[in-house]
Amino acid sequence: MCDSCGCVLTSEPVSIDGHHGAAPGQRELSILHGILADNNHAAQHNREHFNLHNVLAINLMSAPGSGKTALLEATIDAFAGQYNITVVVGDLATENDANRLRRHGVQAVQINTGNTCHLDAAVVHHALHDIALEPIDILFIENVGNLVCPAAYDLGQHFNVVLLSVVEGDDKPAKYPVMFRSADLVLLTKSDLLPHLPGFDPSAAEENVRRLANAAPTVLLSVVTGEGMTHWCAQLTTWLAARGKKGTP
Amino acid sequence: MHELSVCQALIEQLITIVAENQARSVHHIKVCNGPLSGVDSHFLKQAFTVARLGTVAEHAELSIDREPIQVRCSVCGQEGGATANSLVCPHCGDWRTEVLSGDALLLVSVELS
Ligand SMILES: Nc1nc2c(ncn2[C@@H]2O[C@H](COP(=O)(O)OP(=O)(O)O)[C@@H](O)[C@H]2O)c(=O)[nH]1
Ligand SMILES: [Mg+2]
Ligand SMILES: [Zn+2]
Ligand SMILES: [Zn+2]
């Protein structure tokens, strides 16, 4: 198959203990190949596209309704005229999110996934064909709202940002460990609602992320009060600066 | 549920392996899955019964080995077992650990004819 992912493909018959031996005419082959290796190759290919054009690519993931599109709307407004932002947005059926984002003056490509509950590297690659990457500073990929499936698929992003709205409860990192383990940054969204949710403890949410051996900062954020927006924008600016991008003042 | 997509990727690999080895079909498949792979073994088995229909793996049996989670502590340097939602060091309790195993999703072996 390939050398790059360490996959081994041998046509030498091997016997593996604990399983009934191969009958005459049958051969048992040792493979040891990642089942999602094809996706990982495609993701690496996307990443090369992003790097070639010096685009910062961010995969936004959360449960449905945690505020991904609202965060993007606020981010676009905060960075207006400073950075070129483009969004690829996945949704099962509608074009609603792309339309919302276009009203803020950015290019937004909608991917309708039909029955598929996650984006994969190939559908993102396909969407990239509709986009000129050269002028873009930040490409946001708004994943399908789902805390399970998107976690298994690398898209070629540089960073994963996972949103956990305070209405969902501070134990979600423990319930969806694969997703929260993958986060480079966790945004505790809708923080304006905290006064109504005495059961949500931001430090417990942070503790649950740490238990996943993840050092990702957990930041309270609200697009209603603007709490956390400075921190979020500063994080983006830091990631952009690491790619040599200063923005238009 | 993305286990059907995962099965489709698995079937693609089986088709390639069968072609490369000039075999006719697949009898048995062994997969290794860790709790941190993001793929559920129970749903994977269920999805496979659908995904295999009409393919070279139509009559294949799928067995899934569970890869246990092992971590190495960056503070005390020791290794040990952990669970998916608590990857802390089993010796000193610190959270700064490195996952050594438990996130694999591998096609381990196939039996062809
Ligand atoms: N109170 C409050 N509501 C929010 C906030 N962010 C998003 N929402 C609301 O939550 C709902 C879902 O937001 P949306 O951005 O569509 O979530 P998505 O599915 O993750 O893209 C909408 O009704 C938003 O207005 C916030 O910071 N505070
Ligand atoms: Mg949305
Ligand atoms: Zn490979
Ligand atoms: Zn330790």
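The values are calculated or read from the model by the stated rules, or taken from the named source; none is laboratory data. In this text, all values refer to a predicted model and were calculated from it rather than measured experimentally. No Cβ is skipped: glycine too gets one built from the backbone with ideal geometry, and neighbour counts run over all protein chains shown. Remember, those area values only see protein heavy atoms, side chains included, never the ligands or the DNA or RNA. Shrake-Rupley method; radii C 1.70, N 1.55, O 1.52, S 1.80 Å.
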(message) For the stretch A:102-115, which positions are at negative phi and either open to solvent by 40 Å² or more (accessible area, probe 1.4 Å) or in contact (Cβ under 8 Å) with a residue 60 or more places away in the chain (or both)?
(response) A:102, A:103, A:104, A:107, A:112, A:115
(request) Look through A:22, A:43 and report the one residue that is over 16 Å from the mean Cα position of the chain (by Cα) and either at pLDDT below 95 or surrounded by 14 or more Cβ atoms within 10 Å (Cβ to Cβ) (or both). (result) A:22
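Let's see how each residue does on (1) in contact (Cβ under 8 Å) with a residue 12 or more places away in the chain; (2) surrounded by fewer than 16 Cβ atoms within 10 Å (Cβ to Cβ); (3) touching a Lys or Arg at 6+ places or on another chain (Cβ under 8 Å):
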residue: A:208; (1), (2), (3): yes, no, yes
residue: A:232; (1), (2), (3): yes, no, no
residue: A:238; (1), (2), (3): no, yes, no
residue: A:241; (1), (2), (3): no, yes, no
residue: A:247; (1), (2), (3): yes, yes, no
(request) Go through the residues of the stretch B:41-52 one by one and say whether even a single one is under 17 Å from residue A:32 (Cα atoms) and either free of Cβ contacts under 8 Å to residues at least 24 places away in the same chain or buried (at least 21 other Cβ atoms within 10 Å of the Cβ) (or both). (result) no
(request) Output the number of the condition that residue B:75 fails; it satisfies all remaining conditions of (1) touching a residue at least 40 places away in the same chain (Cβ under 8 Å); (2) open to solvent by 40 Å² or more (accessible area, probe 1.4 Å); (3) part of a loop (DSSP other than H, G, I, E, B); (4) aliphatic (A, V, I, L, M). (result) (1)
(message) Looking only at residues that are surrounded by fewer than 24 Cβ atoms within 10 Å (Cβ to Cβ) and not in a loop (DSSP other than H, G, I, E, B) in the stretch A:166-176, which one is farthest from the other protein chains (Cβ to nearest Cβ)?
(response) A:167
(request) Would you check if residue A:186 is more than 25 Å from residue B:2 (Cα to Cα), more than 14 Å from chain B (Cβ to nearest Cβ) and either in a helix (DSSP H, G or I) or in contact with a Leu (Cβ under 7 Å, 6 or more places away or on another chain) (or both)? (result) no
(message) Please go through (1) without any contact (Cβ under 8 Å) to a residue 40 or more places away in the chain; (2) open to solvent by 60 Å² or more (accessible area, probe 1.4 Å); (3) in a strand (DSSP E or B) for residue B:27 and return the number of the only condition it doesn't satisfy.
(response) (1)
(message) Filter the stretch A:110-131 down to the residues that are more than 14 Å from chain B (Cβ to nearest Cβ) and closer than 10 Å to residue A:144 by Cα and list them by number.
(response) A:111, A:112
(message) Looking at (1) open to solvent by 10 Å² or more (accessible area, probe 1.4 Å); (2) over 19 Å from residue A:115 (Cα atoms); (3) within 7 Å of chain A (Cβ to nearest Cβ), which one does residue B:13 not meet, given that it meets all the others?
(response) (1)
(request) Go through (1) open to solvent by 30 Å² or more (accessible area, probe 1.4 Å); (2) within 9 Å of chain A (Cβ to nearest Cβ); (3) touching a strand residue (DSSP E or B) at 6+ places or on another chain (Cβ under 6 Å) one by one and return the number of the condition residue B:61 breaks. (result) (2)
(message) Within the stretch A:235-245, does at least one residue satisfy the condition of being within 14 Å of chain B (Cβ to nearest Cβ) and modelled with pLDDT of 95 or more?
(response) no
(message) Condition first: assigned to a strand (DSSP E or B) and over 8 Å from the mean Cα position of the chain (by Cα). Now tell me which residues in the stretch A:142-165 satisfy that.
(response) A:163, A:164, A:165
(request) Go through the residues of the stretch B:30-37 one by one and say whether even a single one is at pLDDT 95 or above and either surrounded by fewer than 16 Cβ atoms within 10 Å (Cβ to Cβ) or farther than 21 Å from residue A:149 by Cα (or both). (result) yes
(request) Considering only the stretch B:78-113, state which residues are open to solvent by 70 Å² or more (accessible area, probe 1.4 Å) and more than 16 Å from ligand 4 (Cβ to nearest atom). (result) B:103
(request) Filter the stretch A:79-101 down to residues that are surrounded by 16 or more Cβ atoms within 10 Å (Cβ to Cβ) and away from ligand 1 (no atom under 14 Å from the Cβ) and give me whichever is nearest to the other protein chains (Cβ to nearest Cβ). (result) A:86
(message) Return the pair list, or none, for Cβ contacts closer than 7 Å from residues in the stretch A:33-52 that are within 13 Å of chain B (Cβ to nearest Cβ) and near ligand 3 (Cβ under 8 Å from one of its atoms) to residues that are open to solvent by 60 Å² or more (accessible area, probe 1.4 Å) and among the charged types (D, E, K, R), at least 6 apart or on different chains.
(response) A:38/B:12
